[in-house]
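Asker: The structure's right below; bear with me while I get my questions together.
None of the figures in this text is laboratory data; all of them are computed from the coordinates on show. Note that this is a predicted model, so its numbers are computed, not measured. Cβ placement follows ideal geometry from the backbone for every residue including glycine, while neighbour counts extend to all protein chains displayed.
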Amino acid sequence: MKEEFAAQESNPLRSAGWFGGRDKGGFIHRSWMKNQGLPDHLFDGRPVIGICNTWSELTPCNAHFRIIAERVKRGVYEAGGFPVEFPVMSLGEALMRPTTMLFRNLVSMDVEESIRANPIDGVVLLVGCDKTTPALLMGAASCDLPTIALSGGPMLNGRYKGEEIGSGTDVWKFSEAVRAGTMSMGEFLEAESCMSRSAGHCMTMGTASTMASVVEALGIGLTFNAAIPAVDSRRHVLAHMAGRRIVEMVREDLRMSKVLTRKAFENAVRVVGAIGGSTNAVIHLLALAGRLGVPFTLEDWDRLGHDVPCLVNLMPSGKYLMEDFYYAGGLPAVIRELGDLIHPDALTVTGKTMGENVADAPCYNRNVIRPFGEPLTPVGGLAVLRGNLCPDGAIIKPSAASPHLMQHRGRAVVFENIEDFHARIDDPSLDIDESCVMVLKNCGPRGYPGMAEVGNMPLPAKVLRKGVTDMVRISDARMSGTAYGTVVLHATPEAATGGNLALVENGDPIELDVSGRRLHLDVSEAELSRRRARWTPPPRPMERGYYRLYVDHVLQADRGADFDFLVGHSGTDVSRESH
Ligand code: FES
């Protein structure tokens, strides 16, 4: 083995700092690893590839990841690398309380420190359920090793009574139908087995599919990462190829920061518009850019994305599902269709540019992926609103909103927090009709805490029974990427920090003007000052543990709700030994 190490010494990899020593430390590092049945030659200086796994049976969207990890390992071995799989905390959107977003930053710390503390030269991030993607990207970005993100793929289309049904989107519809009396409880319960019928994440263009698309658009995932269904054999091939490619990337020293440039972020914004992607992408990309030091702001979302047409006809903005999207050509067909709106020279983990990756991408179904000149909706991007209700910004997804409400003035009906909302929304005496503006406070990063996906408040039953399906809703919360409606989200500063949202009272007139990018509380400044003087912050949720760390350090939505002390990166150097 001495000779093998000698051959590597002219250009040793990071892992040689552990496995290359001939002293007590080297003995310890190699010897204990060998209890797993690993032969000598794996320690000869070859690239050590970490496979960062968010597998968990409590994260059903990622429950197939041990199989995916095995496929990555095959590729790593084939290319002459040494794969080491390691777990990090997983975030299951369907189960975790109060919201997975509370833990995104915690997982990013787990990822960052796990990578830095170990003899790893390159990483494959196994991501799927919503927050697992940004959490792993953020953590890895703060280390900046060669990295590939590999999504686990969407579930097959749901099918119920001969119709295709989509994760999340049809849950909201069915739930409203039960409340409106048009769907029985028996039908409702039957539908749940029909919706989730294979391994994989939500198969609508919700946050998971959006972030899988963002991975591909950023160039940090392989081509076709976004759409291959989880159970399609080609997902396993993609995992295998990710394993092969990451070994090459280590040899090329193709680090994350060489891929995740300003151009990559601009490409991602435009792709999110073209796919009718989730509003959650805004927060996650702002946080990721903050880790890398890439100048990228909320304004960029509006400037770069507002005129991008929505080309992908997927729920919740459209009709189809991710399986259809893959068969139609997947994300490469969309990126090719965007033409000049994409930076073709942005480098990707394939070793080629984005333009080269999609140069020959075919489209097989124009109902699913529309031509640029015949979009699903002319405006697919997200609109950033300003005004005295959100001086630091708020967002709305026009493609998921009702055209007749995009310019609206209505009287506020205020809910002080989510408990207040649940207690009163179906109270027959609640003074509300479809012209009102529903306002929900204290659901932002600090207020909830964790900025839960409650911004798409269900409408009052008495309004639903009239056949009304949408109203203007405003909050400092997020909403599920599978949701829809005229919903203003991420109002910043949030109510819990004393933003003007905290000062809204029942009956206040509120004006929404999406084309004018304006959200205005029509109350005099003098009156707002009086209210501000009376305002007291809501009680803190918990005085110990992670909740306390979170509330003390979380930034507002316009900074990606990252922790103030996590912005930036620390590289991978660790000078001190453990023994
Ligand atoms: Fe995991 Fe939707 S619940 S992606």
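Asker: Given region 217-292 reduced to its alpha-carbon atoms as identical point scatterers, what log10 I(q)/I(0) does the Debye formula return at q = 0.15, 0.22, 0.23, 0.27 Å⁻¹?
Answerer: -0.65, -1.12, -1.15, -1.20
Asker: Taking 37 °C and 0.692 mPa s as the conditions, I'd like the Stokes-Einstein D for region 163-271 in µm²/s, using the Kirkwood hydrodynamic radius from alpha carbon pairs.
Answerer: Answer from the Stokes-Einstein relation: 198 µm²/s.
Asker: Further, regarding this structure: Among V215, V259, S278, whose Cα projects farthest towards the positive end of the dipole of region 188-323, with charges put on the beta-carbon of Lys, Arg (+1) and Asp, Glu (-1)?
Answerer: V259
Asker: DSSP loop GluC sites (Glu not before Pro) in region 37-81 with at most 14 other Cβ atoms within 10 Å of their Cβ, which ones?
Answerer: E57
Asker: Shifting gears a bit: Cα convex hull of region 502-579: how many Å³ per residue?
Answerer: Dividing the Cα hull volume of region 502-579 by its residues yields 184 Å³.
Asker: Which value at 222 nm does the chain reach when only helices count, each DSSP H run of 4 or more adding -39,500 (n - 2.57), with the total divided by all residues and rounded to the nearest 500 deg cm²/dmol?
Answerer: -10500 deg cm²/dmol
Asker: Let's see if you can work this out: charge +1 on each Lys and Arg Cβ, -1 on each Asp and Glu Cβ, no other charges. What is the dipole magnitude of the chain about its Cα centre, in debye to the nearest 20?
Answerer: 480 debye
Asker: In terms of Cα to Cα distance under 14 Å, which aspartates and glutamates are near enough to K258, apart from those fewer than 8 places away along the same chain?
Answerer: Cross-link targets: D144, D345.
Asker: What does DSSP give for the chain in terms of the percent of beta bridges that are antiparallel, rounded to the nearest 5?
Answerer: Taking every DSSP beta bridge with both residues in the chain, the antiparallel ones total about 40 percent.
Asker: Could you list, by residue number, the cysteines of the chain that have no other cysteine's beta carbon within less than 4.7 Å of their beta carbon?
Answerer: By the Cβ distance rule, which asks for a partner under 4.7 Å, the isolated cysteines are C52, C143, C194, C202, C310, C363, C390, C436, C443.
Asker: For every other residue with a beta carbon closer than 11 angstrom to the beta carbon of C194, add +1 if it is Lys or Arg and -1 if Asp or Glu, then tell me the sum.
Answerer: Within the 11 Å Cβ shell, the charges total -3.
Asker: Something else now. Between beta-carbons, use under 14 Å as the cut-off and find the net charge around A94, counting Lys and Arg +1, Asp and Glu -1.
Answerer: -3
Asker: Can you give the extra length, in nm with one decimal, that the chain gains between T297 and R548 once fully stretched, where that is 0.36 nm per residue apart less the Cα-Cα distance?
Answerer: Once the chain is fully extended between T297 and R548, it gains 87.6 nm.
Asker: In debye, nearest 20: dipole of region 392-470 around its Cα centre with unit charges on the Cβ of K, R (+) and D, E (-)?
Answerer: Dipole of region 392-470, to the nearest 20 debye: 200 debye.
Asker: Give me the percent relative contact order of region 341-429, please, defined on Cα pairs under 8 angstrom at least 6 residues apart.
Answerer: 13 percent
Asker: Quick check for me: using +1 on Lys/Arg Cβ and -1 on Asp/Glu Cβ, what's the dipole size of region 489-579 about its Cα centre, in debye to the nearest 20?
Answerer: Using only the charged Cβ atoms, the result is roughly 280 debye.
Asker: How big is D for the chain, in µm² s⁻¹ as a whole number, if Stokes-Einstein is applied with the Kirkwood radius of its Cα pairs at 25 °C and 0.890 mPa s?
Answerer: This corresponds to a translational diffusion coefficient of 100 µm²/s.
Asker: If the limit is 32 Å between Cα atoms, which of K73/K319; K397/K462; K161/K462; K73/K131 go over it?
Answerer: K73/K319
Asker: Among DSSP beta bridges lying fully in region 345-484, give the percent that are antiparallel, nearest 5.
Answerer: 35 percent
Asker: When only C-alpha pairs under 8 Å and at least 6 residues apart count, what is the relative contact order of the chain, in percent?
Answerer: 14 percent
Asker: Also, I was wondering about something else. Could you tell me which residue out of T169, T133, C143 lies farthest along the dipole of region 90-198 toward its positive end? Charges go on the beta carbon: Lys and Arg +1, Asp and Glu -1, centred on the Cα centre.
Answerer: T169
Asker: Oh, and also: Please compute the volume of the convex hull spanned by the alpha-carbon atoms of region 67-152 and report it per residue in Å³.
Answerer: For region 67-152, the hull spanned by Cα atoms encloses 84 Å³ per residue.
Asker: Would you please give the FRET efficiency between L58 and W535, computed as 1/(1 + (r/R0)^6) with r the Cβ-Cβ distance and R0 = 51 Å, to the nearest 0.05?
Answerer: Efficiency for this residue pair is about 0.85.
Asker: Quick one: of the DSSP bridges fully inside region 438-550, what percent are antiparallel, nearest 5?
Answerer: The antiparallel fraction comes to roughly 45 percent.
Asker: Kindly give Rg over Rh for region 422-574, based on alpha-carbon atoms, with the Kirkwood expression for the hydrodynamic radius.
Answerer: Expressed as Rg/Rh, it is 1.02.
Asker: If you take the charge dipole of region 487-555 about its Cα centre, with +1 on Lys and Arg Cβ and -1 on Asp and Glu Cβ, which of N500, L489, T536 is farthest toward its positive end?
Answerer: Result: T536.
Asker: Can you work out the FRET efficiency for the pair V574 and R74, with r the C-beta to C-beta distance and R0 = 35 Å, to the nearest 0.05?
Answerer: For R0 = 35 Å, the calculated efficiency reads 0.70.
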